[in-house]
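Please read the structure below before turning to the comments.
The values are calculated or read from the model by the stated rules, or taken from the named source; none is laboratory data. Everything numeric here is computed off the predicted structure, so don't read it as measured data. When we count neighbours, we look across all protein chains shown, and the Cβ atoms used for this are built from the backbone with ideal geometry, even at glycine. Each accessible area value is taken on the protein alone, full model and side chains, heavy atoms only, with ligands, DNA and RNA left out. Shrake-Rupley method; radii C 1.70, N 1.55, O 1.52, S 1.80 Å.
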Amino acid sequence: MQIKLPFSRRREVTPETWTVCPSCESQIFNRQLERNLRVCPTCGHHFRMGIGQRIELMLDDGSFVEHDAGLDSGDPLGFHDQKPYVDRLEAARIKTGLREAAVWGIGSIEGQRVAIGLFDFHFMGGSMGSVVGEKLARCFEAALVERIPAIVVSASGGARMQEGTLSLLQLAKTTAPLVRLDAAGIPFISILTDPTTGGVLASFASLGDVILAEPKALIGFAGARVASGTVGEELPEGFQSAESLLEHGFVDDIVPRSELRPTLSRLLRLLPVAAADDGLQTTGDTRGWGPIGVLSGMAERFGTAVSETIGIEVEQPPADGSGPASRRPREDER
Amino acid sequence: MSEIVLSAEAPTAEAIESAWRRVQLARHPQRPRTLDLIALIFDDFAELHGDRSFRDDPAIVGGPALLEGRPVMVIGHQKGKDTESNISRNFGSPYPEGFRKAQRLMRLADKLGIPLVTFLDTAGAFPGPAAEERGQAEAIASSIKLMTGLQVPIVVVIIGEGGSGGALAIGVGDEVLALENATYSVISPEGCAAILWRAPESAPTAAAAMRMTAADQLELGVIDGVIEEPGEGAHADHAGTAAAVKQAILGTLGRITRLDTEALLTTRYARLRGIGLVRETEVASPQLPQEPSLRRRIGRLLRLPGVPRRPRWSEIWPSGEDADANEEGA
Ligand SMILES: [Zn+2]
């Protein structure tokens with residue numbers, strides 16, 4: 001096993017270099033931009049963020065462990081446009097230090113373990129081919145086995161054309177595990193960042209139990225070019241923005257980058273993994289409801305009619321408080 | 001999928017001509033459409049309308065039918081026959097409500113325990129602002145998810161164009177078949193050419209590069225069978241085509257209805273999980289495991305010399321410049 005640290009690719013940020021904000025046109029020193037989580041200090045424009053910085057932003061320091069780092073793409077179609085697909089992959093690897101457009105691993109957010117997948121738009125437009133799809137499917141499957149929440153941070157133009165329908169079918173490959181997460185009672189939080197379009201939005205990214213978006217992020221089914229070509233009309237400004245999706249009911253909230261970590265931590269506490277249906281008993285947990293706690297509460301209030309209507313037998317919880325296990329204790333509670 | 005080793009070369013003139021001929025046949029105006037095939041294949045069919053939320057999308061049709069006397073649920077994209085019907089059916093490109101109607105019918109099939117048969121024939125889901133506002137991506141994603149977990153057997157037949165997410169939204173099956181001159185692609189050849197070749201006139205080249213013919217799709221493991229078309233092609237013989245499609249559906253249903261629900265779902269899951277080319281290598285993550293020794297931790301905290309600093313993820317995978325414009329996905 002060879003471990004290579006790509007320090008040579010480390011970007012030297014010198015104070016002389018600055019970036020012009022595409023939104024307000026103010027000049028921002030790069031060092032200041034990085035310190036400010038790549039958010040324009042003047043207007044709040046969210047610059048795109050790489051996977052490394054995203055890990056540092058969201059996860060507890062030193063908690064992230066990457067899984068399946070060795071998964072590599074091949075060239076299943078022998079695809080050649082203006083240059084061969086394999087050359088594009090190699091160029092992207094050199095440019096980004098990544099092996100593919102997404103990584104997945106396990107880390108923690110304020111002590112709460114999560115399986116997390118992250119995209120980098122700078123690797124071939126964050127496009128999803130066989131390997132990206134495989135990594136996400138394994139991320140969801142790990143969440144299922146470990147009974148921990150799943151989180152995916154998307155930044156992708158969609159399915160990778162160079163792998164043809166094999167990329168298209170990744171929409172189904174990454175979505176199928178979500179049915180199992182539903183059955184197992186494991187929450188999935190989808191975070192949409194600039195840009196999330198095409199096949200990624202038309203699969204798992206739109207199916208979070210909670211969907212969050214970054215301010216002003218471009219989010220849409222069709223790339224603007226495809227849409228204007230097909231529809232043949234001027235497209236209204238901002239119709240594919242995070243704000244428009246919030247207005248139309250397709251995302252739960254827009255969260256500025258500085259608020260992302262506390263927001264996730266809160267949601268993870270509010271949306272705990274359901275009790276495992278394996279007869280596992282835990283004691284001393286007073287915060288849970290028990291599997292039918294809500295229903296039994298209703299039954300108490302409305303008499304037996306409700307429980308008859310719903311068709312669930314309501315058990316009285318034992319007086320000593322050793323009711324049915326509601327959920328497993330989290331790592332930090334043991 | 002076994003690894004297919006091909007030399008990455010620009011498609012030959014011959015390959016381009018052959019692929020483009022299939023694309024044109026798949027789009028042939030006289031090709032039998034979903035309702036044509038339904039009339040020829042099933043003993044009875046009751047079309048049901050509407051998504052129960054917004055409106056009825058005529059670009060997708062569906063309802064219960066009898067196949068050799070046995071109940072099935074049929075859903076398909078519906079293109080028009082002439083300009084007028086094409087406009088009313090939006091050229092077979094569904095809005096979100098089309099997919100939501102499909103979902104409603106899938107749930108009904110699930111409730112009654114009857115197999116689902118779908119016919120794919122669309123250039124793609126409609127991409128306009130109204131479709132976006134009503135959640136085109138969510139509608140496709142939800143349809144795909146519903147199909148991956150549906151507890152009844154699903155047979156998918158690509159009868160014309162299998163255009164991207166709009167096709168897959170009703171195209172997740174236990175067996176996926178395609179007519180000989182049908183196509184299946186991640187993006188239209190015109191769209192692919194516009195992005196990767198920056199020239200829409202390179203559509204035939206893009207069609208060959210994407211390997212979108214039924215035969216190619218079979219070789220790639222995306223579909224499970226190719227249904228031969230009679231004579232010159234489906235457009236010239238609707239009855240013959242319908243007979244071939246009917247035989248294929250009966251054969252497939254005979255196989256997959258023998259599985260119990262658990263085996264059916266396990267097999268469907270495994271089929272999807274196996275699609276694509278993934279190579280396992282021994283390359284490790286660039287981040288070294290955190291050294292837990294106390295000396296190191298104190299040393300780092302106090303910034304003592306000689307104690308190596310743990311590399312930061314942002315140095316290993318930095319935020320970078322934009323992607324090349326012609327590398328975006330679809
Ligand atoms: Zn600004």
| task | Might you let me know whether the stretch B:226-241 holds any residue that is more than 9 Å from every other protein chain (Cβ to nearest Cβ), within 17 Å of the chain's Cα centre (by Cα) and not in a loop (DSSP other than H, G, I, E, B)? | result | yes
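Take the residues of the stretch A:38-52 that are within 11 Å of another protein chain (Cβ to nearest Cβ) and in contact (Cβ under 8 Å) with a residue 12 or more places away in the chain: which is farthest from the ligand (Cβ to nearest atom)? It would help to see each step written out before you state the result.
Within the stretch A:38-52, the first condition is being within 11 Å of another protein chain (Cβ to nearest Cβ), and the residues that meet it are A:38, A:47-52.
Subsequent filtering for residues that are in contact (Cβ under 8 Å) with a residue 12 or more places away in the chain retains A:38, A:47-51.
Details: A:38: 11, A:47: 9, A:48: 14, A:49: 15, A:50: 19, A:51: 23 Å.
The residue in question is A:51.
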| query | What is the number of the single condition among (1) in a helix (DSSP H, G or I); (2) within 16 Å of the ligand (Cβ to nearest atom) that residue A:89 does not meet? | reply | (2)
| query | Does any residue of the stretch A:73-85 turn out to be in contact with a Gly (Cβ under 9 Å, 6 or more places away or on another chain), over 17 Å from residue A:162 (Cα atoms) and either within 16 Å of the ligand (Cβ to nearest atom) or in contact (Cβ under 8 Å) with a residue 40 or more places away in the chain (or both)? | reply | no
| query | Restricting attention to the stretch B:258-275, does a residue exist that is crowded, with 17+ Cβ neighbours inside 10 Å, away from chain A (no Cβ under 14 Å) and in contact with a Gly (Cβ under 9 Å, 6 or more places away or on another chain)? | reply | no
| query | Which of the residues that make up the stretch A:97-112 are open to solvent by 10 Å² or more (accessible area, probe 1.4 Å) and under 11 Å from residue B:317 (Cα atoms)? | reply | A:97, A:99
| field | Criterion violated by residue A:61 - all others in (1) more than 7 Å from every other protein chain (Cβ to nearest Cβ); (2) farther than 27 Å from residue A:172 by Cα; (3) touching a Pro at 6+ places or on another chain (Cβ under 7 Å) satisfied | value | (3)
| field | Of all residues making up the stretch A:1-37, the number that are in contact with a helix residue (DSSP H, G or I) (Cβ under 7 Å, 6 or more places away or on another chain) and either at pLDDT 60 or above or within 16 Å of the ligand (Cβ to nearest atom) (or both) | value | 4
| message | Given (1) without any contact (Cβ under 8 Å) to a residue 40 or more places away in the chain; (2) within 12 Å of the chain's Cα centre (by Cα), identify the lone condition not met by residue B:166. | response | (1)
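If you scan the stretch B:198-207, which residues turn out to be surrounded by 24 or more Cβ atoms within 10 Å (Cβ to Cβ) and either more than 10 Å from every other protein chain (Cβ to nearest Cβ) or among the hydroxyl-bearing types (Ser, Thr, Tyr) (or both)? I'd like the intermediate steps shown before the answer.
Within the stretch B:198-207, the subset surrounded by 24 or more Cβ atoms within 10 Å (Cβ to Cβ) is B:205-207.
Hits for the stretch B:198-207 are B:205, B:207.
Please work out if residue A:94 is open to solvent by 40 Å² or more (accessible area, probe 1.4 Å), hydrophobic (A, V, I, L, M, F, W, C) and either outside any loop (DSSP other than H, G, I, E, B) or facing another protein chain (nearest Cβ under 7 Å) (or both).
Numbers: open to solvent by 40 Å² or more (accessible area, probe 1.4 Å): yes; hydrophobic (A, V, I, L, M, F, W, C): yes; either outside any loop (DSSP other than H, G, I, E, B) or facing another protein chain (nearest Cβ under 7 Å) (or both): yes.
Yes.
Let's see how each residue does on (1) at negative phi; (2) under 16 Å from the mean Cα position of the chain (by Cα); (3) not assigned by TED's automatic domain parsing to the domain that holds residue A:254:
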residue: A:33; (1), (2), (3): yes, no, yes
residue: A:52; (1), (2), (3): yes, yes, no
residue: A:59; (1), (2), (3): yes, yes, no
residue: A:62; (1), (2), (3): no, no, no
residue: A:68; (1), (2), (3): no, no, no
residue: A:85; (1), (2), (3): yes, no, no
residue: A:116; (1), (2), (3): yes, yes, no
